[in-house]
Amino acid sequence: MIRRFAVDVVFGRHPGWTQVCASPVLANIASWRALEKAGFEYAGTFESQHGLCRLMVADRAITGRR
């Protein structure tokens, strides 16, 4: 479902974009694991107004197209 959204909505509507990011709160392990299964990779941790967040990034390559 996450991968399909990234492929159809994010990259489908924005052909010039090469990456998509998500930043679940660090304590939300289920969310960042779901993102990993969808092809996102860990890029770092940062502080937000909601607490520590885990930055997750997926490249256009998850679509199987360039």
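Taking every alpha-carbon pair under 8 Å whose residues sit at least 6 apart, the chain reaches a relative contact order of 37 percent. Charge tally around residue 9: other residues with Cβ under 14 Å, Lys/Arg +1 each, Asp/Glu -1 each, net +3. Dipole magnitude for segment 12-66: computed about the Cα centre from +1 point charges on Lys and Arg Cβ and -1 point charges on Asp and Glu Cβ, it is near 300 debye.
Which net charge results for the neighbourhood of residue 32, defined as the other residues with beta-carbon distances under 13 angstrom from its beta-carbon, given Lys and Arg at +1 and Asp and Glu at -1? Local charge sum for residue 32: +1.
Read-outs throughout are calculated quantities, based only on the coordinates presented, and are distinct from any laboratory measurement. This is a predicted model, so every value here is computed, not measured. Neighbour counts are summed over all protein chains in view; Cβ atoms, including those assigned to glycine, are modelled from backbone coordinates with ideal geometry.
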